[in-house]
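One structure is given here, and the rest of the page talks about it.
The values are calculated or read from the model by the stated rules, or taken from the named source; none is laboratory data. Just so you know, these numbers come straight off a predicted model, no measurement behind them. Here Cβ is always computed from backbone atoms with ideal geometry, including for glycine, and neighbour counts include all displayed protein chains.
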Amino acid sequence: MSKWNEVEPTDEQVALTKRVELALCNEINLLAKEGIPVACILTGLGVTIADLLTCRRGPESVAPWFSAQAEMIAGLQRPA
């Protein structure tokens, strides 16, 4: 089973992540242009992520995954 939170992602993982980011950004922008409220978009994304984690790793994996992602994002937003 592959890890989802690599400390040093491979070049392939970075490229795949950028591909997913672009696809999701395009879809999210379309939803926003259709007038879907941001709160609905974010909630839909969160539920989808939780469902994927539950199916792949079990329900006990959801909260730790979101917690780790929150820490990573907070770190990226801190001033250098």
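Go through the range 23-52 and give me each residue that's within 24 Å of residue 62 (Cα to Cα) and either among the aliphatic types (A, V, I, L, M) or touching a Leu at 6+ places or on another chain (Cβ under 7 Å) (or both). Those that are within 24 Å of residue 62 (Cα to Cα) and either among the aliphatic types (A, V, I, L, M) or touching a Leu at 6+ places or on another chain (Cβ under 7 Å) (or both): 23, 24, 28, 38, 39, 41, 42, 45, 47, 49, 50, 52.
Before we move on, is residue 19 without any contact (Cβ under 8 Å) to a residue 40 or more places away in the chain, assigned to a helix (DSSP H, G or I) and more than 14 Å from the chain's Cα centre (by Cα)? No. Pairing residues of the range 30-44 that are β-branched (Val, Ile, Thr) with residues that are part of a helix (DSSP H, G or I), at Cβ distances under 8 Å and at least 6 apart in sequence or on separate chains, gives 38/32; 41/28; 41/31; 41/32. Taking the criterion of being more than 12 Å from the chain's Cα centre (by Cα) and in a helix (DSSP H, G or I), the residues of the range 52-61 that qualify are 54, 55, 56, 57, 59, 60, 61. Considering 74, 80, the condition of being under 16 Å from the mean Cα position of the chain (by Cα) and among the hydrophobic types (A, V, I, L, M, F, W, C) is satisfied by 74 alone. Does residue 45 fit the bill of being at negative phi, over 13 Å from the mean Cα position of the chain (by Cα) and not in a loop (DSSP other than H, G, I, E, B)? Here the answer is no, as residue 45 does not meet what is asked.
I'm trying to understand the selection: among the residues of the range 1-33, which are surrounded by fewer than 10 Cβ atoms within 10 Å (Cβ to Cβ), modelled with pLDDT under 95 and of a type in the set (D, E, K, R)? 3, 8, 11, 12 - these are the residues of the range 1-33 that are surrounded by fewer than 10 Cβ atoms within 10 Å (Cβ to Cβ), modelled with pLDDT under 95 and of a type in the set (D, E, K, R).
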